[in-house]
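Here is the structure we will look at, set down as structure tokens.
The values are calculated or read from the model by the stated rules, or taken from the named source; none is laboratory data. Since the model is a prediction, treat every value here as computed from it, not as a measurement. Here the Cβ is made from the backbone with ideal geometry for all residues, glycine too, and neighbour counts use every protein chain on show.
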Amino acid sequence: MTRPPKPRSSVTSEPLKLSAADKGSAADMAPALHSAQPLSLADHVYERVHDEILTGALSPGSRVVELDIASRMGTSQGPVREALQRLAREGLVVRHARSSTFVAAVSDDEMYEVFETRALIEAFVVRQLAGRIGDPELAAARQMAEKMVEAAARDDLLELVKWDRRFHRQLVEWSGRETLLRAWDPLYTQIQRFIVQNHRPYYADVLEIARGHGPLLDALINHDVEAAAAAMRAHVMDVWTRMATPPSTS
């Protein structure tokens, strides 16, 4: 695979204060990890089709037919249409005229740009958070990281990446930057698919993926702004660093 050169950009920004609402949501985060809101029919359809795209069961270019999914899941076309609209917003499917829907394809160069843009956003975010993140946020972040390790120990990659998404999205939410959050969501979804489908040659054990959050957590705990930004960038771009080295064949 042809890869662009490793990026050399950096992120600088002005300090951002967490609001009282941010603090409250962080304090409530830990118990919420063990609860879940009831899922709607559209949510169930979204989760099923989302996972099929992530694992490659629905490959890029495959047509996604509302009626077929509705029949397979025993529901009407309304929830399916709602789920596909959500997947389209995340960039996983492309909807054409007359409601034709296909699984989106992304080139290697485009995928690199997705990783690079996400790295810039999240390095910016942790620069804002590292100097002032509080104990409630840190406790919630540690708990989510532990959930990733538990999923990895069961070799449950789908569960791992769901917790990984929650971990990283929560950091962006704590920054209070709604524009960044809207930009981040589709970027992460594309990366999630890429990692699930391409990780095996580059990670001997999925525990490596879960434990990759350690340096970032350490930097946040120590309120080290520069270390947090560097750790986040290294973490997000890790797969590209590994791709620069031939995978082990042993």
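In table form, for the structure just shown:
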{"read-out": "Selected residue (criterion: nearest to Ser175 (Cα to Cα)) from residues of the stretch 122-144 that are of a type in the set (Lys, Arg) and in a helix (DSSP H, G or I)", "value": "Arg127"}
{"read-out": "Test: residue in the stretch 63-76 that is surrounded by fewer than 20 Cβ atoms within 10 Å (Cβ to Cβ), in contact with a Pro (Cβ under 8 Å, 6 or more places away or on another chain) and basic (Lys, Arg)", "value": "no"}
{"read-out": "One residue from Arg86, Arg72 being in the same structural domain as Tyr46 (by TED's automatic domain parsing), farther than 25 Å from Ile191 by Cβ, part of a helix (DSSP H, G or I) and of a type in the set (Lys, Arg)", "value": "Arg72"}
{"read-out": "Flag if Arg242 is part of a helix (DSSP H, G or I), out of contact with any Pro (no Cβ under 6 Å at 6 or more places or on another chain), over 19 Å from Val161 (Cβ atoms) and not aliphatic (A, V, I, L, M)", "value": "no"}
{"read-out": "Selection within the stretch 177-210 - free of Cβ contacts under 8 Å to residues at least 24 places away in the same chain and either farther than 17 Å from Leu158 by Cα or in the same structural domain as His50 (by TED's automatic domain parsing) (or both)", "value": "Glu178, Thr179, Leu181, Arg182"}
{"read-out": "Filter result for Asp109 (at pLDDT 95 or above, charged (D, E, K, R) and either buried (at least 17 other Cβ atoms within 10 Å of the Cβ) or farther than 28 Å from Arg48 by Cβ (or both))", "value": "no"}
